[in-house]
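A.B. asks: Sharing a structure, written as structure tokens. Questions coming.
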Amino acid sequence: MMRNCHLFIVAAFMGTTVRAFNQAGCLSTYLHSQTLLQRSWRYLRHAFPSKYQLNNHVRWRVRPPILASATAEKLTAQTSEKLIRGVDVFIFDCDGVIWKGDSLISGVHSTLERLRAAGKKVFFVTNNSSKSRRGYKAKFDSLGLNVIPEEIFSSSFAVSVYLENIGFKQTGKRVYIIGERGIQEELDIIGVPWIGGEDHMDKKIELKPGSFFIFAITEANFSELSGFALEHDRGVGAVIVGFDRNINYYKIQYAQLCINENKDCQFIATNLDQVTHLTDAQEWAGNGCMVGAVKGCTGRDPIVVGKPAPLMIEYICKKYDLQPGQICMVHISY
């Protein structure tokens with residue numbers, strides 16, 4: 001039964017806490033709107049499918065928890081104390097919650113100090129795979145935040161966790177990366193060989209003369225005019241698509257060849273985010289467009305390891321012997 005579960009899903013939206021799961025298992029007065037209610041519920045169903053299910057007959061009626069009021073309640077000194085007492089672990093999204101671009105969001109430092117002083121465990125998650133945990137540790141340091149690498153869960157790290165869970169290293173195969181340094185560094189740590197990534201940022205496909213369509217081909221010259229083919233590594237057993245500011249046609253073509261032609265090659269995405277926050281001035285196209293390019297030429301849906309997939313919470317719960325009901329996750333919604 002869900003009556004002992006008090007998983008809070010909290011989103012920062014113009015200073016208002018807009019989603020939560022309370023001790024009765026009911027989405028209640030922390031919800032900002034029906035749209036955000038639906039997003040919250042989709043997250044819970046994805047992360048914990050065995051616990052949270054929709055009733056097939058009535059939309060947004062759930063079993064065993066029930067949905068209650070969708071009226072927003074702003075956090076106050078009183079309601080925040082209740083929230084803090086109710087959970088043991090706080091997991092913070094980074095982009096839009098801890099920082100925007102390279103700017104620390106006001107109040108973060110004091111909030112983290114208060115939670116640590118109260119004996120709460122704190123973790124940080126981000127779907128941006130451009131940095132490894134080591135890279136994000138350096139960013140936290142630059143913002144004056146005392147965070148250890150074990151408290152950081154980036155989608156680049158999620159990739160390594162997934163590959164270790166399936167025993168990929170033991171297959172002797174390699175990984176092709178569409179992405180940046182973060183994925184490369186995390187794979188190096190677990191000893192999984194890779195190709196692509198930053199090494200292919202300047203690669204271009206130059207079609208040879210034989211690649212043009214010839215209307216009149218004789219048997220004698222067919223082999224010479226049969227066209228150009230891009231060679232690819234037949235030993236690639238997984239293609240990982242992460243955020244890549246240097247994505248190009250070469251990378252997309254190489255990825256589709258590996259997925260379409262290499263037997264049992266996995267297609268893995270760090271996330272499907274539509275936008276990301278490279279700066280605090282505007283939103284930027286996210287990893288969803290890069291994953292979409294590969295999906296479009298392979299017809300395959302990727303295995304997603306970042307949010308909102310359950311891998312992150314499952315890993316933290318297993319490593320630190322936690323239950324989901326002990327966790328409050330703080331993230332941003334627009």
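A.B. asks: Going through the stretch 170-188 one residue at a time, which ones are closer than 25 Å to Pro149 by Cβ and open to solvent by 10 Å² or more (accessible area, probe 1.4 Å)?
C.D. replies: Selection gives Glu180, Arg181, Gln184, Glu185, Asp188.
A.B. asks: Filter the stretch 244-283 for residues that are without any contact (Cβ under 8 Å) to a residue 24 or more places away in the chain and not basic (Lys, Arg); which is nearest to Pro308 (Cα to Cα)?
C.D. replies: Within the stretch 244-283, the subset without any contact (Cβ under 8 Å) to a residue 24 or more places away in the chain is 263, 274-275, 282-283.
From what is left, the residues that are not basic (Lys, Arg) are 274-275, 282-283.
Numbers: Gln274: 13, Val275: 15, Gln282: 23, Glu283: 20 Å.
Within the stretch 244-283, the match that is nearest to Pro308 (Cα to Cα) is Gln274.
A.B. asks: Select from the stretch 96-114 the residues that are in contact with a Leu (Cβ under 9 Å, 6 or more places away or on another chain) and closer than 30 Å to Gly179 by Cβ and write down the one among them that is most open to solvent (accessible area, probe 1.4 Å).
C.D. replies: The first filter runs over the stretch 96-114 and keeps only residues in contact with a Leu (Cβ under 9 Å, 6 or more places away or on another chain), leaving 98-99, 101-104, 108-109, 112.
If we keep only those that are closer than 30 Å to Gly179 by Cβ as well, we get 98-99, 101-104, 108, 112.
Values: Ile98: 2, Trp99: 1, Gly101: 2, Asp102: 123, Ser103: 50, Leu104: 65, Val108: 13, Leu112: 12 Å².
Checked the stretch 96-114; the qualifying residue most open to solvent (accessible area, probe 1.4 Å) is Asp102.
A.B. asks: Looking at Arg114, Arg133, Arg174, can you tell me which residue is under 23 Å from Tyr315 (Cα atoms) and not polar (S, T, N, Q)?
C.D. replies: The unique qualifying residue is Arg133.
Results for (1) touching a strand residue (DSSP E or B) at 6+ places or on another chain (Cβ under 7 Å); (2) of a type in the set (Asp, Glu); (3) buried (at least 19 other Cβ atoms within 10 Å of the Cβ); (4) farther than 24 Å from Thr270 by Cα, shown as yes or no for each residue.
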| residue | (1), (2), (3), (4) |
| --- | --- |
| Ala77 | no, no, no, yes |
| Arg116 | yes, no, no, yes |
| Gly119 | no, no, no, yes |
| Asn127 | no, no, yes, no |
| Phe153 | yes, no, yes, no |
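A.B. asks: Right, something else. With the checklist (1) among the polar types (S, T, N, Q); (2) in contact with an Asp or Glu (Cβ under 6 Å, 6 or more places away or on another chain); (3) within 25 Å of Ala281 (Cβ to Cβ) in hand, flag the one item Ser132 doesn't pass.
C.D. replies: Ser132 satisfies all of (1) among the polar types (S, T, N, Q); (2) in contact with an Asp or Glu (Cβ under 6 Å, 6 or more places away or on another chain); (3) within 25 Å of Ala281 (Cβ to Cβ) except (3).
A.B. asks: How many residues does the stretch 248-258 contain that are open to solvent by less than 10 Å² (accessible area, probe 1.4 Å) and under 13 Å from Gly235 (Cα atoms)?
C.D. replies: Number satisfying all stated conditions: 2.
A.B. asks: For the stretch 280-334, which positions are in a loop (DSSP other than H, G, I, E, B), closer than 29 Å to Asn248 by Cβ and hydrophobic (A, V, I, L, M, F, W, C)?
C.D. replies: Of everything in the stretch 280-334, those that are in a loop (DSSP other than H, G, I, E, B), closer than 29 Å to Asn248 by Cβ and hydrophobic (A, V, I, L, M, F, W, C) turn out to be Ala281, Val305, Ala309.
A.B. asks: Quick check on the stretch 311-334: of everything there that is open to solvent by 30 Å² or more (accessible area, probe 1.4 Å) and not charged (D, E, K, R), which residue is nearest to Ile259 (Cα to Cα)?
C.D. replies: Tyr315
A.B. asks: For Asp301, are the conditions met, namely being under 19 Å from Asp95 (Cα atoms) and of a type outside the set (Val, Ile, Thr)? Let's see the steps before the verdict.
C.D. replies: Values: under 19 Å from Asp95 (Cα atoms): no; of a type outside the set (Val, Ile, Thr): yes.
Spelling it out, it is not the case that Asp301 is under 19 Å from Asp95 (Cα atoms) and of a type outside the set (Val, Ile, Thr).
The values are calculated or read from the model by the stated rules, or taken from the named source; none is laboratory data. From a predicted model like this one, the values you see are computed outputs, not experimental measurements. Counting neighbours? That spans all protein chains shown, and the Cβs are built from the backbone with ideal geometry, glycine included. Calculation scope for accessible area: heavy atoms of the full protein, side chains included, ligands and nucleic acids excluded. Shrake-Rupley method; radii C 1.70, N 1.55, O 1.52, S 1.80 Å.
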